[in-house]
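Here's the structure we're looking at; comments come further down.
The values are calculated or read from the model by the stated rules, or taken from the named source; none is laboratory data. Just so you know, these numbers come straight off a predicted model, no measurement behind them. No Cβ is skipped: glycine too gets one built from the backbone with ideal geometry, and neighbour counts run over all protein chains shown.
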Amino acid sequence: MKRVVVTGMGIYSCIGKSLEEVKQSLYNGKSGICLDEERYKYGYRSPLTGMVERPNLKGLLHRRLRSGLAEEGEYAYMATKEALDQAGIDMDFLEKNEVGIFYGNDSSAKAVIDAHNVIKEKKDTTLLGSSAIFQSMNSTVTMNLSVIFKLRGINMTISAACASGSHSAGLGYSFIKNGLQDVVVCGGAQETNFYSMASFDALSAFSVRVDEPTKASRPFDAGRDGLVPSGGAATLILEDYDHAVKRGANIIAEVSGYGFSSNGGHISQPNNTGSFIAMDRALKDASLTAEQVDYVNAHATSTLLGDSYEAMALDQLLGHYQPPISSTKSMTGHECWMAGASELVYSILMMNNSFVAPNINFEKPDEYSAKLNIAAQKIDKNIDVFLSNSFGFGGTNSALVLKKFKK
């Protein structure tokens with residue numbers, strides 16, 4: 001089996017539009033949550049969101065290539081461009097070598113609604129234009145990035161709810177480990193327009209702590225009242241170790257374990273059994289024990305049930321050994337389809353800069369989180385191994401183990 005390493009990362013989120021900006025936000029516990037008054041006007045219970053600025057791609061991409069990009073595709077382009085730059089991969093390399101792509105995405109709501117509105121008004125589908133279909137499909141990100149960056153390997157969108165970004169990295173790792181690809185672009189993207197999150201709001205899933213937006217996302221805290229939606233995109237370049245060494249790439253981390261499971265039960269209610277299986281499987285795949293984990297980036301979204309079940313599973317996994325645990329969603333909100341990928345980026349930044357980002361807004365534990373070592377403040381700490389969790393609707397679970405690269 002081949003070793004799988006990370007040679008590049010890119011991030012475009014509510015806490016920063018570059019790796020450096022995001023690193024500073026993580027270190028300082030800076031929240032990216034705010035109010036979006038347009039959500040009230042549309043009929044939302046909660047106007048809270050992670051605010052992500054739309055990039056201006058004029059001058060970066062030809063109009064023909066821009067036309068097929070939905071909002072989440074624009075974010076993914078920015079994150080992927082940064083990741084390829086860090087990996088030292090240019091267009092000449094992409095044109096001469098086979099590179100694959102797995103990218104997590106599970107909606108393209110605004111593009112579908114925009115198309116509907118045009119047809120409803122004009123009564124003529126031919127007025128949609130040729131780009132409408134390429135923006136509205138769930139595979140919009142992979143189909144556009146594969147064209148923009150001349151990718152000729154595996155090309156697949158991973159649609160797995162809030163575990164999409166994590167599964168994309170897990171599948172990229174699996175393909176490289178088994179010799180099916182040398183280089184794979186992996187990541188996740190999430191649109192942030194208000195159309196995309198209305199059905200979640202209808203479930204009363206969102207926090208209504210509108211008087212203090214930056215304190216609304218409270219993973220593991222006894223006073224949590226729901227998640228805060230967010231988005232953007234995150235990209236990782238995964239590569240076969242020997243291939244990376246041969247081309248002189250700078251290796252920034254190693255992927256050593258991938259675990260997965262399905263709860264096979266309630267469509268929206270999580271459980272602790274499935275998440276434990278995914279984490280345990282990831283550790284076994286990495287040939288590591290729980291006592292070797294230096295940090296856990298929890299899935300914890302700030303929902304009542306989800307955080308409790310994950311805390312139970314983590315307590316079962318870790319037992320008496322309790323490494324620091326934090327949920328970066330306390331700062332970013334829940335980045336949904338991108339979260340599994342972005343949280344790998346966040347955790348690698350922590351690992352390579354020797355700190356644990358704080359689980360901000362953690363003031364009082366509940367009966368389950370009281371058993372865990374929640375990092376309420378930033379901790380300066382050496383991290384050699386971390387575990388990152390992602391769980392989604394339908395009971396899909398993904399866990400990844402990464403470690404500091406050593407020859």
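Below is a table of values for the structure above.
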| quantity | calculated |
| --- | --- |
| Residue check for GLY88: modelled with pLDDT under 95, farther than 18 Å from ASN193 by Cα, over 20 Å from the mean Cα position of the chain (by Cα) and of a type outside the set (S, T, N, Q) | no |
| Complete set of residues in region 331-373 that are assigned to a strand (DSSP E or B) and either in contact with a His (Cβ under 7 Å, 6 or more places away or on another chain) or surrounded by fewer than 23 Cβ atoms within 10 Å (Cβ to Cβ) (or both) | PHE355, PRO365 |
| Lone unmet requirement of (1) part of a loop (DSSP other than H, G, I, E, B); (2) touching a helix residue (DSSP H, G or I) at 6+ places or on another chain (Cβ under 7 Å); (3) among the small types (Gly, Ala, Ser); (4) over 26 Å from TYR12 (Cβ atoms) for SER217 | (4) |
| Matching residues in region 161-184 - criterion: being crowded, with 24+ Cβ neighbours inside 10 Å, under 12 Å from the mean Cα position of the chain (by Cα) and of a type in the set (A, V, I, L, M) | ALA163, ALA169 |
| Pairs where the first residue, in region 166-178, is at negative phi and the second is of a type in the set (Lys, Arg), C-beta under 9 Å, 6+ apart | ILE176/LYS2; ILE176/ARG3; LYS177/LYS2; LYS177/ARG3; ASN178/LYS2 |
| Residues being in contact with a Ser or Thr (Cβ under 7 Å, 6 or more places away or on another chain), in a helix (DSSP H, G or I) and touching a residue at least 24 places away in the same chain (Cβ under 8 Å) - total across region 89-144 | 11 |
| Checking SER31 against (1) polar (S, T, N, Q); (2) closer than 22 Å to ASN193 by Cβ; (3) crowded, with 24+ Cβ neighbours inside 10 Å, the condition it does not meet | (3) |
| Yes/no for ILE15 being within 24 Å of SER207 (Cβ to Cβ) and among the hydrophobic types (A, V, I, L, M, F, W, C) | yes |
| Residue tally, condition surrounded by fewer than 20 Cβ atoms within 10 Å (Cβ to Cβ) and outside any loop (DSSP other than H, G, I, E, B), over region 241-253 | 5 |
| Residues satisfying the stated conditions in region 1-28, i.e. surrounded by fewer than 24 Cβ atoms within 10 Å (Cβ to Cβ) and part of a helix (DSSP H, G or I) | LEU19, GLU20, GLU21, LYS23, GLN24, SER25, TYR27, ASN28 |
| Flag if GLY265 is crowded, with 20+ Cβ neighbours inside 10 Å and touching a helix residue (DSSP H, G or I) at 6+ places or on another chain (Cβ under 9 Å) | no |
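For (1) within 19 Å of the chain's Cα centre (by Cα); (2) closer than 22 Å to ALA79 by Cα; (3) not in a strand (DSSP E or B), each residue gets a yes or a no:
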{"position": "CYS186", "(1), (2), (3)": "yes, yes, no"}
{"position": "ALA189", "(1), (2), (3)": "yes, yes, no"}
{"position": "SER204", "(1), (2), (3)": "no, no, yes"}
{"position": "GLY259", "(1), (2), (3)": "yes, no, no"}
